[in-house]
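Before any comments, here is the structure.
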Amino acid sequence: MKQSIQEIANTLDHAAQHASSVEQISKTTQLDLKAAYEVQALSLKNRHQRGEKLSGFKLGFTSRAKMEQMGVHDLIWGRLTDKMHIENGGTLIRKNYIHPRVEPEIAFKIGKRIDKALSLDEVAGYIDSVAGALEIIDSRYENFKFSLEDVIADNCSSTAYIIGEWHAADTPVNNVNLQMNINGEESQTGNSNAILGNPLESLVEISRILAEYGEAIEPGAVILAGAATSAVYINAGDKIEGTFDGLGKVNLLVD
Ligand code: OOG
Ligand code: MG
């Protein structure tokens, strides 16, 4: 059934809240990119009405590994809220999610308001601190399958994130070797340069995109640069550990 932008937003928000998957929107309603981002904004509005606060932004499909895994080849962005944040070493309750996956990321904490497109040379001056991170994504669509517009409308599968210890802004985030182990076994290995050649480029991109969109990034906001490797399904009982050379470890338990 064809749905309005508001109805789609409510459908996706409901699916996220109740851990129940829905059919891809693109099967019944054609959204263009602008409409897909409108759906995302409206679904976030629902979250804000329930008391969730915007805590930052994320980029998606910034690495070839992710583009190839999901068959989508354009950069996307979504919004993070305080409710999505899990402490390092904390626990994710599997039954609250549909089919969650984990992926290793680089995180930035913003130190100074960003309200314009920044160059690679400029972004350093806006960073408070940097860290290794794990992102949990949980597409609200059946079988984790979507078109570009579908995934944007679904807030880019955003569900949860875990940040490692914050390090000084000048700690290198490029050329960081990283490894993700699940239950003590190596699951993914990679290098942070898989993210747009240098994760700092993700900050350049989000500054440009949000400036065009008329939205500022406030001090304290977290930016997830995008996964450096493919994402991996997680199960109750899993112990996940990300190791980032020079940035330390990030841990999550799944219950
Ligand atoms: C979309 C989210 C992509 C990333 O880091 O590339 C993303 C998805 O794969 O479900 O978060
Ligand atoms: Mg991600």
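FYI, it's all coordinate maths here, none of it is from the lab. Given the structure is predicted, the values throughout are model-derived calculations rather than measurements. Neighbour counts are summed over all protein chains in view; Cβ atoms, including those assigned to glycine, are modelled from backbone coordinates with ideal geometry.
Residue by residue through segment 61-66, which ³J(HN,Hα) values in whole Hz follow from phi under the Karplus form 6.51 cos²θ - 1.76 cosθ + 1.60 (θ = phi - 60°), with glycine and proline marked x?
Per-residue couplings from phi come out as 6, 9, 10, 4, 4, 6 Hz.
Through the Karplus equation 6.51 cos²θ - 1.76 cosθ + 1.60, θ set to phi - 60°, convert the phi angles of segment 89-104 into ³J(HN,Hα) values in whole Hz; use x for Gly and Pro.
Taking θ as phi minus 60°, the curve returns x, x, 10, 9, 8, 3, 6, 7, 10, 8, 8, x, 10, 10, 8, x Hz for segment 89-104.
Can you put 92, 59 in order, fewest other beta carbons within 10 Å first?
Fewest-to-most ranking of 92, 59: 92, 59.
What list of ³J(HN,Hα) couplings, whole Hz, do you get for segment 181-189 from phi and the Karplus terms 6.51, -1.76, 1.60, once you set θ to phi - 60° and write x for glycine and proline?
Coupling constants for segment 181-189: 9, 10, 6, x, 9, 5, 9, 9, 10 Hz.
Normalising by the residue count of segment 7-123, find the relative contact order in percent from Cα pairs under 8 Å and 6+ residues apart.
24 percent
Please arrange 11, 159, 189 by how many other C-beta atoms lie within 10 Å of their C-beta, fewest to most.
189, 11, 159
Within a 10 angstrom radius of the beta carbon, how do 84, 180 rank from fewest other beta carbons to most?
Taking fewest neighbouring Cβ atoms as first place, the list is 84, 180.
Taking the Cα centre of the chain as origin, sum charge times position over the Cβ atoms of Lys and Arg (+1) and Asp and Glu (-1), and report the length of that vector in debye to the nearest 20.
Value, rounded to 20: 520 debye.
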